[in-house]
1. Please work out the FRET efficiency for the pair Ala216 and Ala14, using the Cβ-Cβ distance as r and a Förster radius of 35 Å; give the result to the nearest 0.05.
2. Mind giving me the FRET efficiency for Phe41 and Glu209? R0 is 30 Å, r the Cβ-Cβ distance, nearest 0.05 is fine.
3. Cα-Cα over 32 Å: which of Lys45/Lys197; Lys45/Lys214; Lys30/Lys88; Lys88/Lys197; Lys134/Lys214?
4. Is the range 10-216 best put as rounded, prolate or oblate by its Cα gyration tensor, with a ≥ b ≥ c the root eigenvalues, rounded for a/c under 1.5, and otherwise prolate when a/b is larger than b/c, oblate when not?
5. Could you work out which residue, out of Ile97, Ile119, Ile13, moves most in a Gaussian network model of the chain, that is, has the largest mean-square fluctuation with Cα springs under 10 Å?
6. Going by C-beta contacts inside 10 Å, put Ile153, Ile162 in order with the fewest on the left.
7. Output needed for the range 66-123: three equivalent-ellipsoid semi-axes, defined as square roots of 5 times the C-alpha gyration tensor eigenvalues, in descending order, whole Å.
8. Determine, for each peptide in 69-81, 53-65, the mean count of other beta carbons within 10 angstrom over its residues, then list the peptides with the highest first.
Amino acid sequence: MMRTRTTIPRSVIADVEQRVRRLCEDLAAKLQFHGWHHVSFVRDKAVHFARRNGAAEDICEVAALVHDLNYMVRRNSLPTDGEALRRKTLFVAGVCIGDIEWIERIVIEAEMRTRHRDISLEAQALSDADTLFKALPVTPVVLAHKYLQENGITLRELAHKIVGEQVGKADDGYYFYDAEAAATYTKWAETNLSLWKCIVESLDDPCVEDLLTKVAS
């Protein structure tokens with residue numbers, strides 16, 4: 001007989017949240033983009049999408065809380081760089097080993113750079129939440145420069161990263177996995193990606209390059 005999985009207790013989830021929030025607050029000066037404002041947004045939306053697609057809500061919530069801990073380890077890093085900190089944070093908070101392994105798989109699976117059409121429901125919920133944050137109309141206006149400062153990269157590097165990682169997924173029809181999210185937010189995503197493609201094109205203009213050099217000096 002198969003055993004029914006026990007959900008992560010709310011007290012444990014609250015402990016994870018407290019630990020991650022404390023880390024975000026302690027490193028607030030360094031986490032200008034991936035701080036608590038980002039984590040809490042992705043957590044709330046991941047739970048919403050999980051509730052809709054039938055994924056394990058508790059797992060999605062905890063995965064969302066720890067999905068960007070790599071930026072606390074090293075700037076401009078990959079999810080794999082945060083594995084040790086994620087595992088330690090979850091273990092100390094009381095998450096069981098099996099769920100820690102599951103959460104780790106989801107975080108890696110949902111990574112924008114490498115995700116594909118057939119990821120798990122939990123990874124879909126996390127991915128849609130994180131992708132929505134990227135696609136918000138306010139993100140390039142209010143937060144893009146914070147991403148540059150946090151990660152120590154240039155506008156050219158960020159523009160090529162966004163276009164290179166995201167346009168193909170939009171063209172192939174799985175920028176969002178949730179049908180309602182796609183119907184609601186695709187317009188935002190298309191506008192955002194169009195903007196970044198234009199930025200890539202504009203950076204090849206010597207006058208634009210000269211302008212940016214003067215602004216930065």
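Values in this text are rule-based calculations from the coordinates and carry no lab data. The structure displayed is predicted, hence computed values, not measured ones. For neighbour counting, all protein chains shown are included, and Cβ atoms are generated from backbone atoms with ideal geometry for every residue, glycine included.
1. 0.20
2. 0.35
3. Exceeds cut-off: Lys45/Lys214; Lys88/Lys197.
4. Verdict is oblate for the range 10-216.
5. Ile97
6. The order, fewest Cβ neighbours first, is Ile153, Ile162.
7. Taking √(5λ) for each eigenvalue gives 19, 16, 6 Å, largest first.
8. Ranking the peptides 69-81, 53-65 by packing returns 53-65, 69-81.
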